[in-house]
Amino acid sequence: MHELSIAEALRDAVETAARDGGARRVHAIALELGELAAIEVDALRFCLDDVLRGSVAEGARLDVVTVPGRGRCRACGEEGALHEFYDLCGHCGRGTVEPTAGTAMRLASLEVE
(Lines give C-alpha, C1' and ligand atoms only; values in the text may rest on other atoms or scores of the structure.)
Protein backbone atom coordinates (compact mmCIF):
# COMPACT_ATOMS: atom_id res chain seq x y z
CA MET A 1 0.00 0.00 0.00
CA HIS A 2 1.89 3.05 -1.24
CA GLU A 3 -0.73 5.34 0.29
CA LEU A 4 1.14 5.04 3.62
CA SER A 5 4.32 6.56 2.19
CA ILE A 6 2.23 9.21 0.43
CA ALA A 7 0.51 10.02 3.73
CA GLU A 8 3.87 10.34 5.47
CA ALA A 9 5.19 12.68 2.76
CA LEU A 10 1.98 14.70 2.94
CA ARG A 11 2.31 14.98 6.73
CA ASP A 12 5.85 16.31 6.32
CA ALA A 13 4.71 18.87 3.73
CA VAL A 14 1.78 19.98 5.90
CA GLU A 15 3.97 20.34 8.99
CA THR A 16 6.57 22.35 7.07
CA ALA A 17 3.93 24.65 5.55
CA ALA A 18 2.24 25.14 8.94
CA ARG A 19 5.54 25.87 10.65
CA ASP A 20 6.70 28.26 7.92
CA GLY A 21 3.35 30.06 8.06
CA GLY A 22 3.31 30.32 11.85
CA ALA A 23 0.19 28.16 12.21
CA ARG A 24 -0.54 26.47 15.52
CA ARG A 25 -3.10 24.04 14.16
CA VAL A 26 -4.25 22.68 10.79
CA HIS A 27 -8.01 22.16 10.54
CA ALA A 28 -8.28 21.11 6.89
CA ILE A 29 -6.01 19.85 4.13
CA ALA A 30 -7.08 20.42 0.52
CA LEU A 31 -5.60 18.12 -2.12
CA GLU A 32 -5.88 18.09 -5.87
CA LEU A 33 -5.64 14.45 -6.88
CA GLY A 34 -5.38 13.33 -10.48
CA GLU A 35 -7.78 10.72 -11.78
CA LEU A 36 -4.74 8.82 -13.13
CA ALA A 37 -2.57 9.21 -10.01
CA ALA A 38 -3.26 5.63 -8.82
CA ILE A 39 -4.02 6.76 -5.27
CA GLU A 40 -7.00 5.28 -3.45
CA VAL A 41 -8.64 8.13 -1.52
CA ASP A 42 -10.13 5.87 1.17
CA ALA A 43 -6.76 4.21 1.79
CA LEU A 44 -5.07 7.62 1.93
CA ARG A 45 -7.64 8.87 4.47
CA PHE A 46 -7.08 5.76 6.59
CA CYS A 47 -3.29 6.21 6.53
CA LEU A 48 -3.53 9.95 7.24
CA ASP A 49 -5.59 9.29 10.36
CA ASP A 50 -2.65 7.30 11.67
CA VAL A 51 0.32 9.39 10.53
CA LEU A 52 -1.21 12.72 11.58
CA ARG A 53 -1.56 11.60 15.22
CA GLY A 54 0.50 13.86 17.42
CA SER A 55 1.12 16.36 14.61
CA VAL A 56 -0.14 19.90 14.14
CA ALA A 57 -2.73 18.42 11.74
CA GLU A 58 -4.14 15.69 13.99
CA GLY A 59 -7.85 15.34 13.23
CA ALA A 60 -7.68 17.64 10.20
CA ARG A 61 -10.37 17.25 7.56
CA LEU A 62 -9.15 16.04 4.15
CA ASP A 63 -10.84 17.69 1.17
CA VAL A 64 -10.04 16.07 -2.17
CA VAL A 65 -10.73 17.57 -5.57
CA THR A 66 -10.30 15.14 -8.45
CA VAL A 67 -8.42 16.46 -11.47
CA PRO A 68 -9.75 14.72 -14.59
CA GLY A 69 -7.35 12.71 -16.72
CA ARG A 70 -6.53 14.12 -20.14
CA GLY A 71 -4.34 12.87 -22.92
CA ARG A 72 -2.98 13.57 -26.39
CA CYS A 73 -2.67 10.91 -29.06
CA ARG A 74 0.84 10.68 -30.45
CA ALA A 75 -0.51 9.25 -33.70
CA CYS A 76 -3.19 11.77 -34.67
CA GLY A 77 -2.69 14.62 -32.19
CA GLU A 78 -6.24 14.51 -30.87
CA GLU A 79 -6.66 15.58 -27.22
CA GLY A 80 -9.39 14.42 -24.89
CA ALA A 81 -10.46 12.74 -21.69
CA LEU A 82 -8.31 9.87 -20.46
CA HIS A 83 -9.70 7.63 -17.72
CA GLU A 84 -7.09 4.85 -17.81
CA PHE A 85 -3.44 4.96 -18.84
CA TYR A 86 -4.04 2.47 -21.64
CA ASP A 87 -7.24 3.92 -23.09
CA LEU A 88 -7.36 4.02 -26.86
CA CYS A 89 -7.60 7.30 -28.71
CA GLY A 90 -11.26 8.25 -29.08
CA HIS A 91 -10.55 9.73 -32.52
CA CYS A 92 -8.28 7.25 -34.37
CA GLY A 93 -8.60 4.19 -32.08
CA ARG A 94 -4.88 3.75 -31.54
CA GLY A 95 -3.32 3.04 -28.16
CA THR A 96 -0.76 5.82 -28.29
CA VAL A 97 -2.36 8.31 -25.91
CA GLU A 98 0.08 10.18 -23.69
CA PRO A 99 -1.31 11.61 -20.43
CA THR A 100 -1.20 15.41 -20.21
CA ALA A 101 -3.21 16.01 -17.02
CA GLY A 102 -4.57 14.14 -14.04
CA THR A 103 -1.46 12.18 -13.07
CA ALA A 104 -0.32 14.13 -10.00
CA MET A 105 -1.23 14.99 -6.43
CA ARG A 106 -0.85 18.57 -5.19
CA LEU A 107 -1.27 20.07 -1.74
CA ALA A 108 -3.59 22.91 -2.75
CA SER A 109 -4.20 24.66 0.59
CA LEU A 110 -4.43 24.39 4.35
CA GLU A 111 -7.05 25.76 6.70
CA VAL A 112 -5.13 26.84 9.81
CA GLU A 113 -5.32 28.85 13.00
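The values are calculated or read from the model by the stated rules, or taken from the named source; none is laboratory data. Since the structure is predicted, the reported quantities are computational estimates derived from the model, not experimental observations. With ideal geometry, Cβ positions are generated from the backbone for all residues, glycine too; neighbour counts draw on all protein chains shown. Each accessible area value is taken on the protein alone, full model and side chains, heavy atoms only, with ligands, DNA and RNA left out. Shrake-Rupley method; radii C 1.70, N 1.55, O 1.52, S 1.80 Å.
A few remarks follow.
- Simple spin-label estimate for V41 and D20 in nanometres, 7 Å along Cα-Cβ: 2.7 nm
- The residues of the chain expose, per residue, 60 Å² of accessible area to a 1.4 Å probe.
- Scanning residues 5 or more positions from M105 or on other chains, those with amide H under 5 Å from its amide H are G34, with H placed 1.01 Å from N in the peptide plane.
- Size descriptors for segment 57-96, from the alpha-carbon set: Rg then Dmax equal 15.8, 49 Å.
- Summed side-chain charge close to A30 - residues other than A30 whose Cβ falls under 13 Å, Lys, Arg +1, Asp, Glu -1: -1
- By the beta carbon rule, with partners counted only under 4.7 Å, the chain holds these lone Cys residues: C47.
- A cut-off of 5 Å between modelled amide H atoms, ignoring neighbours fewer than 5 places along the same chain, links A57 with V26.
- The chain: relative contact order as a whole-number percent, Cα under 8 Å and 6+ apart: 35 percent
- Restriction of the chymotrypsin sites (Phe, Trp or Tyr not before Pro) in segment 26-113 to DSSP coil positions whose beta-carbon has at most 15 other beta-carbons within 10 angstrom yields F85, Y86.
- Under Karplus coefficients 6.51, -1.76 and 1.60, residue-wise ³J(HN,Hα) of segment 45-61 in Hz, glycine/proline x: 4, 4, 5, 4, 3, 6, 6, 7, 4, x, 9, 5, 10, 4, x, 5, 6
- Backbone amide hydrogens, once placed in the peptide plane, bring C89 within less than 5 Å of R94, G95, T96, V97, excluding anything fewer than 5 places away on its chain.
- Once the mean of 1/r is taken over each pair of separate Cα atoms and inverted, segment 1-52 shows a Kirkwood hydrodynamic radius of 11.8 Å.
- Largest first, the three principal axis extents of the alpha carbons in the chain are 54, 27, 16 Å in whole numbers.
- MRE, 222 nm, helices only [DSSP H, n ≥ 4, -39500 (n - 2.57), over the chain, to nearest 500]: -8500 deg cm²/dmol
- In order through segment 93-105: 3J(HN,Hα) via Karplus (6.51 cos²θ - 1.76 cosθ + 1.60), integer Hz, x for Gly, Pro: x, 7, x, 10, 7, 9, x, 10, 7, x, 10, 10, 10
- If only the Cβ of Lys and Arg carry +1 and only the Cβ of Asp and Glu carry -1, the dipole of the chain around its Cα centre is close to 220 debye.
- If you run the Gaussian network model on the chain, springs between alpha carbon atoms under 10 Å, then out of G69, G34, G93 the most flexible one is G93.
- Backbone geometry of segment 67-82 corresponds, through the Karplus equation with coefficients 6.51, -1.76 and 1.60 at θ = phi - 60°, to 3J(HN,Hα) couplings of 8, x, x, 9, x, 10, 6, 6, 7, 10, x, 5, 10, x, 5, 9 Hz, x marking Gly and Pro.
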